[in-house]
Every structure is written in C-alpha cells, then in structure tokens.
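Accompanying notes for the structure given below.
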Amino acid sequence: MIAELRDAAVAPLWAGLDLTIEPGEFVAVLGPNGVGKSTLLGTILGSRRLTSGSVSVNGRVGFIPQQHMFPADLPVRGRDLVALAVEPRAMRRADQGAVDKLLAQVGATSFADRRAGVLSGGQQQLIRQAQAFAQDPELVLADEPLLSLDPSRQRETVERLAAHPAAVVCVTHSINPVLGVVDRVLYIGPEGHVVGSVDEVMRSEVLSELYGTRVDVVEVDGRMVVL
Ligand SMILES: Nc1ncnc2c1ncn2[C@@H]1O[C@H](COP(=O)(O)OP(=O)(O)OP(=O)(O)O)[C@@H](O)[C@H]1O
C-alpha cells in the first residue's frame, strides 16, 4: 500500500475512517462543502493532525492544492515555480530540461515565461499540476484540480492523472469527469462516510443515509446527478 488511514478521525468532521490506497489506484473523494475533504488530504500530507487513529504514507507525495490565486505582484514566472519544485534546495539550479518537460506535459509551455500572478486561474492550476509531478510522485493528492479548467483541459487533466503511475486521491464535486478512470469512491456526508466502487456508493439509498435525508441519484444523459 502507498497510504493507509486506520480508524482515523478529525473531530468533529469525520471518524472511523479506514482507507488503504494501493499503488496506481484512483480514489475520488466526494461530499458536500465543509465535510472535511481537504482536511483528509491534509492528514495524508501531514499538515493536519488526526484527533485519533493513524495515518501512514509509503512514498513520495505530490500535491495539487485547492485553487487560490498567486499574488498578482509575485515576482516570479510560472516556469520559476516549477523549477523550485524540481530543485527546492537554495543556490542550486533546476535541470531546465526537466522543467521544460513538466511544462509541456501539462500544456503550460506557452505561458510559463509570464509572471505567475498575472496568469488566469486555469493557467495557474496547470502550473500547480506541473509542480505536483516534479518529484516523480508515487501518490498525487489533488484538491478539486478541475475547478477552473475548461472542459477539454479537464479531460486532459483526468487522463494525465489516470495515466501517471502514481496513485491518485482526487477531491471532486462531481463524479462525472472522473467516471471513466475512478477505481473507488470515498463519499463523506454529514452523517458518515462510505468507501466502495461507483456502483456501490453512488446510489440513492447509500447517499440518503450519509446525508440523513432523502437524496436521489439519477442518470441524465449519461451523467450522474445527485438531487
Ligand atoms: N486548519 C483548520 N483548523 C480548523 N478548522 C479548519 C481548518 N481548515 C478547515 N477547517 C474547517 O474544517 C471544516 C472542513 O473544511 P474542509 O476544507 O476540509 O472541507 P471540504 O469538504 O474540503 O469543503 P469544500 O468542499 O467547501 O472545499 C470547515 O468547517 C473548515 O472551516
């Protein structure tokens, strides 16, 4: 396994969470605002403490944080941020070939020489993806990585995450963009959580229990909608 939570809790958000992430698998984390999805990623990253239980990680972790804009006056280019992720040690120069490869991989070459703070939200998101891949991660934690991307870049991002040999834990507000690649779903609701395949989790009776009220999962034009 690449990461494991055992009987893990962050009070008062969630408790009794058992999750083992195997190499290469794609786990989607869903649930309404404020249930603790980002907090879960933080506990795997080590930036948030569990209030009980344990978490262990066996490998290099890449992180795509939830969208927030770089300061508009940040005096560095997108390329420099990726170079820092490739070579974080002070006074050392990053391998520019590696930086160029990462930028090309995420489709950021054309805007990488502009200052990071003046890039669009989606362009900044692509720079963050390149940073996350810089250390050849074995586990990628992605916090709503599709949020500010157009449909074609959303598709490319999902394909890139799925094609990468790393395991992926991806927080997303909709299952639809990841339906074709997801192995398991962790759905966190106000009344608990459940882990399983899409077919096991995305059901009206399962989500109704997690929300503590009637919830319908319906298919509209091949898309799953939670009502
Ligand atoms: N560092 C922190 N210390 C204390 N409470 C926090 C901290 N970070 C977040 N919270 C709180 O924990 C709760 C869960 O936040 P979190 O960001 O994990 O939810 P989320 O499920 O990712 O939400 P969203 O879908 O809105 O991004 C929120 O009420 C939030 O205010």
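See the values below:
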read-out: Of residues in segment 47-83 being of a type in the set (A, V, I, L, M) and within 14 Å of the ligand (Cβ to nearest atom), the one surrounded by the fewest Cβ atoms within 10 Å (Cβ to Cβ); value: 50
read-out: Test result for residue 161, among the aliphatic types (A, V, I, L, M) and crowded, with 19+ Cβ neighbours inside 10 Å; value: yes
read-out: Considering residues of segment 1-41 that are of a type in the set (Asp, Glu) and in a loop (DSSP other than H, G, I, E, B) only, the residue surrounded by the most Cβ atoms within 10 Å (Cβ to Cβ); value: 25
read-out: Qualifying positions in segment 146-188 - over 21 Å from residue 40 (Cα atoms), part of a loop (DSSP other than H, G, I, E, B) and of a type in the set (D, E, K, R); value: 150
read-out: Matching residues in segment 57-85 - criterion: being modelled with pLDDT under 90 and either acidic (Asp, Glu) or part of a strand (DSSP E or B) (or both); value: none
read-out: Where residue 44 falls short, out of the listed (1) loosely packed, with under 14 Cβ neighbours inside 10 Å; (2) in contact (Cβ under 8 Å) with a residue 60 or more places away in the chain; value: (1)
read-out: Options 219, 205; residue that is part of a strand (DSSP E or B) and over 26 Å from residue 65 (Cα atoms); value: 219
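The values are calculated or read from the model by the stated rules, or taken from the named source; none is laboratory data. Keep in mind that this is a model prediction, so the values were computed, not measured. Heads up, the Cβs are rebuilt from the backbone with ideal geometry, glycines too, and the neighbour counts pull from every protein chain shown.
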